[in-house]
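A quick write-up on the structure given underneath.
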Amino acid sequence: MPRHIMSVTEMKAADAAAVAAGTPATTLMERAGQGAADAIRARWARRPVVIWCGPGDNGGDGYVIARHLRRRGWPVRVEALAPPASTSCRWAAERWRSEVHALNPAVTPADLYIDALFGAGLSRPLEGAADDLARAAEGLSARIVAIDTPSGIHGDTGRPIDGRALAAALTVTFHRRKPAHVLAPGRAACGEVEVIDIGLTDVAAGTLFENDPSLWGARFPWPSTDAHKHARGRLLVVSGEAWSTGAARLSARAGLRIGAGVVTLLSPPGALAINAAHLEAVMLAPFETDAELAERAANAAAAVIGPAAGLGEATARNLTALAGTGAALVVDADALTSFAHAPDQLFARLDRDDVLTPHPGEFERLFPGLLKSAPERIAAARQAARQAGAIVLLKGPDTVIAAPDGRAAVNLNGAPWLATAGSGDVLAGFIAGLAAQGMDSFDAACAGAWIHAECGAAHGPGLIAEDLPGLAPAVLKRLWDQRANPLP
């Protein structure tokens with residue numbers, strides 16, 4: 001089943017629904033605290049630990065964790081920012097039945113620290129002793145476990161709330177990830193994230209998901225036993241002029257590797273020879289005008305336009321020609337910037353099967369001010385998708401894929417090695433290659449982004465874009481094996 005990412009409000013509703021259905025809030029807190037204690041014990045041997053408890057339910061989780069760790073023989077010191085202020089926190093504090101110290105803003109020496117000061121629902125900056133503690137704890141993140149979110153990180157935006165925030169090596173959260181766990185800089189502040197099941201159910205099906213095979217794997221376009229190359233989809237990629245051809249070849253090779261049956265690189269006549277010298281299984285055909293491009297693309301299922309295509313009116317005309325064919329378009333790089341002066345003209349040519357793949361700079365050119373005015377990247381990508389009437393993939397370490405109908409997914413497997421020239425051209429080819437095989441464009445964008453990141457992580461240091469298509473088969477084989485032998 002797809003895994004939802006829940007906002008702070010949605011999480012509160014799930015908690016309230018469980019209580020209304022008969023599960024006491026204290027039972028939920030006990031499950032959360034015990035689950036967090038188990039996660040801590042699974043990662044660290046017994047050692048001195050200081051638990052920082054806030055006055056609310058996050059602090060209550062801390063008191064429960066303290067009790068369960070002490071039962072297992074851990075030396076535990078509890079430090080409270082303030083007396084318990086919520087009913088559940090008071091219940092948990094009473095059952096601690098041991099000394100509670102005042103919070104030491106200078107950080108008491110210990111081998112491990114549990115941050116149970118404030119959770120995802122915090123809406124104000126850290127202040128007083130909590131702010132002093134965050135300052136003193138800088139550099140200690142490898143020894144900190146955060147409960148729900150690191151204190152000071154906004155649960156819905158992933159940003160520090162107007163000031164400092166703690167950071168952790170491990171964040172233990174409950175039921176579902178929140179946006180803070182997947183969006184930068186919160187994702188980095190959280191470290192590893194473990195989600196503990198405490199017996200909640202989603203009150204309503206959300207439209208924000210973790211991007212992994214649970215979201216789109218059941219609809220992946222695997223070939224049938226009687227498949228032939230034409231049945232697996234025709235993909236076209238538009239090349240630039242003679243000295244700007246490599247990016248398009250990267251897209252074409254990526255589309256072929258991801259499974260498109262026939263991939264053709266459409267090339268200006270002056271670039272034919274240089275492209276021919278580098279192509280094997282990718283076919284090559286010339287075009288001189290936008291009308292000729294449209295004729296060549298008449299039977300294509302998908303097309304990539306933009307990688308080193310050239311800036312200006314010619315690329316804009318070529319995109320218009322492709323849009324008239326009905327092929328699913330993946331619009332990248334130069335094709336995006338060629339409409340920076342008139343984004344609405346681009347949007348008028350798109351439909352819901354097309355995919356825009358901007359990095360933040362290109363996004364700003366098409367949707368001026370949106371990244372700054374939106375509360376976070378998810379909201380910005382969703383608004384952009386509605387405005388464009390197409391799928392928008394906003395690149396970054398926390399890549400967001402959004403559809404005009406409000407669906408959105410966030411990549412959790414981003415790899416820093418992908419920050420290299422040509423990487424985005426390969427991503428465009430992966431997405432278009434999947435769309436050419438008949439995969440829904442939102443699913444294709446999600447799957448392409450996930451596979452792309454898996455390839456980057458598999459290679460690691462030293463990655464260049466040319467490596468990426470050749471890494472895809474191992475990722476695809478793993479997906480195929482998982483399909484044949486699903487985990488219980």
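When Gly422, Gly414 are screened for being at pLDDT below 95 and within 29 Å of Leu476 (Cα to Cα), only Gly414 passes.
Restricting attention to the stretch 64-90, the residues being touching a Gly at 6+ places or on another chain (Cβ under 9 Å), crowded, with 18+ Cβ neighbours inside 10 Å and within 19 Å of Pro105 (Cα to Cα) number 4. List the residue pairs whose Cβ atoms are under 7 Å apart, where the first residue sits in the stretch 207-236 and is in contact (Cβ under 8 Å) with a residue 60 or more places away in the chain, the second is among the hydroxyl-bearing types (Ser, Thr, Tyr), and the two are 6 or more positions apart or on different chains. Short answer, once both residue conditions are applied: Leu236/Thr264.
Sort out which residues of the stretch 214-251 are among the polar types (S, T, N, Q), within 32 Å of the chain's Cα centre (by Cα) and surrounded by fewer than 21 Cβ atoms within 10 Å (Cβ to Cβ), and write them in order of number. Result: Ser214, Ser224, Ser244. Do we have Ala316 as without any contact (Cβ under 8 Å) to a residue 40 or more places away in the chain, touching a Phe, Trp or Tyr at 6+ places or on another chain (Cβ under 8 Å), farther than 29 Å from Ala189 by Cβ and in a helix (DSSP H, G or I) here? Criteria met by Ala316.
Name the residue, out of Leu329, Leu336, that is assigned to a helix (DSSP H, G or I) and under 26 Å from the mean Cα position of the chain (by Cα).
Numbers: Leu329 fails: assigned to a helix (DSSP H, G or I).
The conditions single out Leu336.
Please indicate, with yes or no, whether at least one residue in the stretch 142-154 is assigned to a helix (DSSP H, G or I) and assigned by TED's automatic domain parsing to the domain that holds Gly191. Yes, the conditions are met somewhere in the stretch 142-154.
List the pairs whose first member sits in the stretch 441-468 and is in contact (Cβ under 8 Å) with a residue 40 or more places away in the chain, whose second member is part of a loop (DSSP other than H, G, I, E, B) and of a type in the set (Ser, Thr, Tyr), and whose Cβ atoms are under 7 Å apart, counting only residues at least 6 apart or on separate chains? From the stretch 441-468, the pairs are Ala449/Thr399; Leu463/Thr420; Ile464/Thr420; Ala465/Thr420.
One residue stands out in the stretch 382-394 among those that are crowded, with 18+ Cβ neighbours inside 10 Å and out of contact with any Leu (no Cβ under 8 Å at 6 or more places or on another chain): the one that is nearest to Thr420 (Cα to Cα), namely Leu394.
The values are calculated or read from the model by the stated rules, or taken from the named source; none is laboratory data. Predicted model only: the values in this text are computed from it and were never measured. Backbone-built Cβ (ideal geometry, glycine too); neighbour counts: all protein chains shown.
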